[in-house]
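Colleague: Can you keep this structure in mind? I'll have questions shortly.
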Amino acid sequence: MAEIPENNCPKCNKPTLSPYAKQCRYCGYSWHHLCVAQFKLNHVLQITVRKFFLIGQIIEGEIKEGQRIDLRMLGLNKKPKIEAIEFALYRQDKKAWEEIALGTDILTEDEKQYLKKIDLPKIIEIIS
């Protein structure tokens with residue numbers, strides 16, 4: 001895991017000015033339009049013999065299977081594909097609520113452990 005995530009232009013593959021930039025300083029390409037939704041990540045969960053789930057709420061936009069989760073804001077230079085969308089039911093103090101669970105299989109064990117240890121909630125972007 002990198003302390004500062006790398007961020008490369010999707011068009012020319014050269015590094016950007018910052019890990020969070022969405023416009024290339026070399027070729028001028030802008031990829032602001034690739035963000036289709038924002039997701040508030042509250043929990044992560046690995047179910048035995050199932051996918052690794054990122055659980056939270058959709059802040060804006062629409063999320064579909066096949067889109068990608070941009071994990072650079074969390075310190076991982078990965079954009080795993082959403083392979084499953086499910087509901088997660090939580091109960092606490094006689095109250096129940098549902099959240100959205102985005103499932104993926106692409107992360108390594110070290111990356112999963114890293115996500116389990118970071119302070120949540122965080123806002124992440126879903127890209128096309």
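The values are calculated or read from the model by the stated rules, or taken from the named source; none is laboratory data. Remember, predicted model here, so these are calculated numbers, not experimental data. As a convention, Cβ positions derive from the backbone with ideal geometry for all residues, glycine included, and neighbour counts pool all protein chains shown.
Colleague: State which residue is surrounded by the most Cβ atoms within 10 Å (Cβ to Cβ) when the search covers only region 72-128 and only residues that are among the basic types (Lys, Arg) and within 19 Å of VAL49 (Cβ to Cβ).
Modeller: Among those that are among the basic types (Lys, Arg) and within 19 Å of VAL49 (Cβ to Cβ), it is LYS112.
Colleague: Sort out which residues of region 11-34 are farther than 21 Å from LEU74 by Cα and either touching a Lys or Arg at 6+ places or on another chain (Cβ under 6 Å) or aromatic (Phe, Trp, Tyr) (or both), and write them in order of number.
Modeller: Scanning region 11-34 gives TYR26, CYS27, TYR29.
Colleague: Looking only at region 58-117, count every residue that is small (Gly, Ala, Ser) and without any contact (Cβ under 8 Å) to a residue 12 or more places away in the chain and tell me the total.
Modeller: Just the residues of region 58-117 that are small (Gly, Ala, Ser), to begin with: 61, 66, 75, 84, 88, 96, 101, 103.
Those left that are additionally without any contact (Cβ under 8 Å) to a residue 12 or more places away in the chain: 96.
Total meeting the criteria: 1.
Rundown of residues vs (1) under 19 Å from ALA84 (Cβ atoms); (2) touching a His at 6+ places or on another chain (Cβ under 6 Å); (3) modelled with pLDDT under 85, yes/no style:
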| position | (1), (2), (3) |
| --- | --- |
| PRO5 | no, no, yes |
| ASN8 | no, no, yes |
| LYS11 | no, no, no |
| LYS14 | no, no, no |
| LEU17 | no, no, yes |
| LYS22 | no, yes, yes |
| VAL44 | yes, no, no |
| ARG50 | yes, no, no |
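Colleague: Kindly evaluate GLU98 against the criterion of being more than 12 Å from ILE124 (Cα to Cα), acidic (Asp, Glu) and assigned to a strand (DSSP E or B).
Modeller: Considered against the rule, which asks whether it is more than 12 Å from ILE124 (Cα to Cα), acidic (Asp, Glu) and assigned to a strand (DSSP E or B), GLU98 comes out as yes.
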